[in-house]
1. Can you put I41, I23 in order, fewest other beta carbons within 10 Å first?
2. Under 17 Å from the 7 Å Cα→Cβ point of R43, by amide nitrogen: which residues of segment 1-25?
3. Compute the length gained on full extension between K35 and K5: take 0.36 nm times their separation in residues and subtract their Cα-Cα distance, giving the result in nm to one decimal.
4. Rounded to the nearest 0.05, what FRET efficiency do K26 and K74 give with R0 = 35 Å and r taken as the Cβ-Cβ distance? Could you check?
Amino acid sequence: MPLTKTYAQILENQGFKYEALEIYKKLLKKYPNDKELKEAITRLKSRKKFKGVNIIKLQEFDKINQKNRYEFEKWLSEI
């Protein structure tokens, strides 16, 4: 698992708050003066605990997936 802010942000956006928080904490040990890391940790700690899928992101993914499937089927029919 990469220990980068970008990876932690991706996890956070996908609803994996606990995993993102752990990465932010590890990064903060390496970079104790990083304001962005401190803000991310504070933000995640202040949220209610939620176990499960990020429903909004799942719905967005489903819309994208449907569009891609439609375009793929259209492309196949043109072959």
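Each reported figure results from applying straightforward, stated rules to the coordinates on display, with no laboratory input. Just so it is clear, the structure is predicted and the values come from calculations on it, not from any experiment. We place every Cβ from the backbone using ideal geometry, glycine too, and count neighbours over all the protein chains shown.
1. On the way: I41 17, I23 22.
Fewest-to-most Cβ neighbours within 10 Å comes out as I41, I23.
2. Counting only backbone N, you get 4-25.
3. Values: separation 30, 0.36 × 30 = 10.80 nm, distance 1.21 nm.
This chain segment gains 9.6 nm when fully extended.
4. Details: r = 45 Å, r/R0 = 1.29.
About 0.20, to the nearest 0.05.
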